[in-house]
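Asker: Let me give you the structure first, and then I'll get to my questions.
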Amino acid sequence: MTNNLSVVINSDAQQVWTMLREPARIAQWHGWNADDQEAEINEIYFGPNVVEGADHTSLVVDGGDVFTLKPVPTGTEVSVTRAAIDHNSEWAAWDEDITQGWLTFLHQLRFALERHPHGKRRTFFFSVPGTGGSAIENLGLSDVPAPGDPYSLTLPTGEEISGKVWFRSNHQVGLTVHNYAEHGEGLLIVADQPAIADVRPDGGSLAIVSTYDLGAHQLDAIRNYWDKWRAENYPTSDPVH
């Protein structure tokens, strides 16, 4: 079953719209730091097939998926409606990955607006094959509390982390992390991925660490914790970047 692709953000619709229409702002929540992030943002949000709603409450992005903004008493409900799948398309096998990606990015959008509206994030990312098992399970995150509740745990990476549960879904866990930001909190999202024949036959997992205003020494320490754990548990995977 597809997860509900919506979040309620404690911001007004105009603030959300700005986060959808300025490339530098989009980079604070879409995906993670990568060499091709800028090009991906330009293609998805500013390509020739993108359509802005005249009242700034809807945005059709490249590929036909639609963002909708709806004012609610606690802020703005932001939802993504997926375009109909073309089973003959080269992207058909990746349809669930795209759906799960939007869910991740919506929660990163909410976090950026509510916690670091003027901040600049620095991310770490890695993906691993499913042959080593679920990363959510291997990290001990299967039984975190309900969204909004506090947590405190020692990850098998060796890090002691605490904060609040940002969200949970069928395949993802999001946690705020105190020591991932100089002021406030950073964000950790771990997601398990479905199998894709001939591409990812055993499924897999990914993790996105979003940090804010940390020094080089702190960033290196976080990267090293994660990369050591990745290499020990998923030795065929690519390094954290």
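The values are calculated or read from the model by the stated rules, or taken from the named source; none is laboratory data. Source: prediction; values computed, not measured. Counting neighbours? That spans all protein chains shown, and the Cβs are built from the backbone with ideal geometry, glycine included.
Asker: Those residues that are among the aliphatic types (A, V, I, L, M) and touching a residue at least 60 places away in the same chain (Cβ under 8 Å), I need them from the range 166-199; list them, please.
Answerer: Filtering the range 166-199 down to residues among the aliphatic types (A, V, I, L, M) leaves 173, 175, 177, 181, 187-191, 195-197, 199.
Ala181, Leu187, Ile189, Ala191, Ala195, Ile196, Ala197, Val199, listed by residue number.
Asker: With respect to Gln28, determine if the residue is touching a strand residue (DSSP E or B) at 6+ places or on another chain (Cβ under 7 Å) and polar (S, T, N, Q).
Answerer: yes
Asker: So, Val60, is that one hydrophobic (A, V, I, L, M, F, W, C) and without any contact (Cβ under 8 Å) to a residue 12 or more places away in the chain or not? Can you show your working first?
Answerer: Numbers: hydrophobic (A, V, I, L, M, F, W, C): yes; without any contact (Cβ under 8 Å) to a residue 12 or more places away in the chain: yes.
Judged against the criteria, Val60 is a match.
Asker: When you scan the range 176-193, do you find a residue that is in a strand (DSSP E or B) and loosely packed, with under 14 Cβ neighbours inside 10 Å, even just one?
Answerer: No, the conditions are met nowhere in the range 176-193.
Asker: Pick out the one residue from Gly101, Gly64, Gly47, Gly130 that is out of contact with any Phe, Trp or Tyr (no Cβ under 6 Å at 6 or more places or on another chain), within 28 Å of Ala221 (Cα to Cα) and surrounded by fewer than 18 Cβ atoms within 10 Å (Cβ to Cβ). Even if it seems obvious, please write down each step before you answer.
Answerer: On the way: Gly64 fails: within 28 Å of Ala221 (Cα to Cα); Gly47 fails: within 28 Å of Ala221 (Cα to Cα); Gly130 fails: surrounded by fewer than 18 Cβ atoms within 10 Å (Cβ to Cβ).
After ruling out the rest, the residue left standing is Gly101.
Asker: So, Thr68, is that one without any contact (Cβ under 8 Å) to a residue 40 or more places away in the chain and closer than 17 Å to Leu106 by Cβ or not? Walk me through how you get there before you give the answer.
Answerer: Details: without any contact (Cβ under 8 Å) to a residue 40 or more places away in the chain: yes; closer than 17 Å to Leu106 by Cβ: yes.
Criteria met by Thr68.
Asker: Gly163 - would you say it is touching a strand residue (DSSP E or B) at 6+ places or on another chain (Cβ under 8 Å) and in contact (Cβ under 8 Å) with a residue 24 or more places away in the chain?
Answerer: No: the conditions fail for Gly163.
Asker: Let me ask you something else. Among the residues of the range 40-59, are any closer than 30 Å to Asp213 by Cα and of a type in the set (A, V, I, L, M)?
Answerer: Looking for residues that are closer than 30 Å to Asp213 by Cα and of a type in the set (A, V, I, L, M), one finds at least one in the range 40-59, hence yes.
Asker: Moving to a separate point now. So Gln28 passes all but one of these: (1) over 17 Å from the mean Cα position of the chain (by Cα); (2) polar (S, T, N, Q); (3) not in a strand (DSSP E or B). Which condition number does it fail?
Answerer: Result: Gln28 fails condition (1) only.
Asker: To continue, here is another question. Would you kindly identify the strands (runs of 3 or more DSSP E) lying entirely within the range 59-138 that contain at least 3 residues that are of a type in the set (Val, Ile, Thr)? Please lay out each step first, then the result.
Answerer: Working: elements: 66-72, 75-81, 121-129.
In the range 59-138, the matching strands (runs of 3 or more DSSP E) lie at 66-72, 75-81.
Asker: Now, a different point. Could you go through the range 103-110 and let me know if any residue there is over 20 Å from Gln172 (Cα atoms) and either in contact with a helix residue (DSSP H, G or I) (Cβ under 8 Å, 6 or more places away or on another chain) or polar (S, T, N, Q) (or both).
Answerer: Within the range 103-110 (the criterion being over 20 Å from Gln172 (Cα atoms) and either in contact with a helix residue (DSSP H, G or I) (Cβ under 8 Å, 6 or more places away or on another chain) or polar (S, T, N, Q) (or both)), the answer is no, since none of the residues qualifies.
Asker: Please work out which residue is surrounded by the fewest Cβ atoms within 10 Å (Cβ to Cβ), limiting yourself to the range 194-205 and to residues that are over 13 Å from the mean Cα position of the chain (by Cα) and not charged (D, E, K, R).
Answerer: Initially, the range 194-205 is screened for residues over 13 Å from the mean Cα position of the chain (by Cα), giving 194-204.
From the residues that got through so far, the ones that are not charged (D, E, K, R) too are 194-197, 199, 201, 203-204.
Working: Pro194: 14, Ala195: 11, Ile196: 16, Ala197: 7, Val199: 10, Pro201: 12, Gly203: 16, Gly204: 24.
The qualifying residue surrounded by the fewest Cβ atoms within 10 Å (Cβ to Cβ) is Ala197.
Asker: Another question, then. With respect to Ser152, is the statement that it is within 21 Å of Val173 (Cα to Cα) and either outside the structural domain of Arg21 (by TED's automatic domain parsing) or surrounded by fewer than 14 Cβ atoms within 10 Å (Cβ to Cβ) (or both) true?
Answerer: yes
Asker: Count, please, the residues in the range 206-241 that happen to be farther than 26 Å from His116 by Cα, of a type in the set (Ser, Thr, Tyr) and crowded, with 20+ Cβ neighbours inside 10 Å.
Answerer: Number of matching residues: 1.
Asker: Inspect all residues belonging to the range 19-26 and state whether any of them is more than 24 Å from Thr211 (Cβ to Cβ) and not assigned by TED's automatic domain parsing to the domain that holds Val240.
Answerer: Within the range 19-26, one or more residues are more than 24 Å from Thr211 (Cβ to Cβ) and not assigned by TED's automatic domain parsing to the domain that holds Val240.
Asker: Right, here's the next one. Quick one: would you say Gly158 is surrounded by fewer than 18 Cβ atoms within 10 Å (Cβ to Cβ), touching a residue at least 60 places away in the same chain (Cβ under 8 Å), on the phi > 0 side of the Ramachandran plot and more than 15 Å from the chain's Cα centre (by Cα)?
Answerer: Taking the combined requirement at face value, the residue satisfies it.
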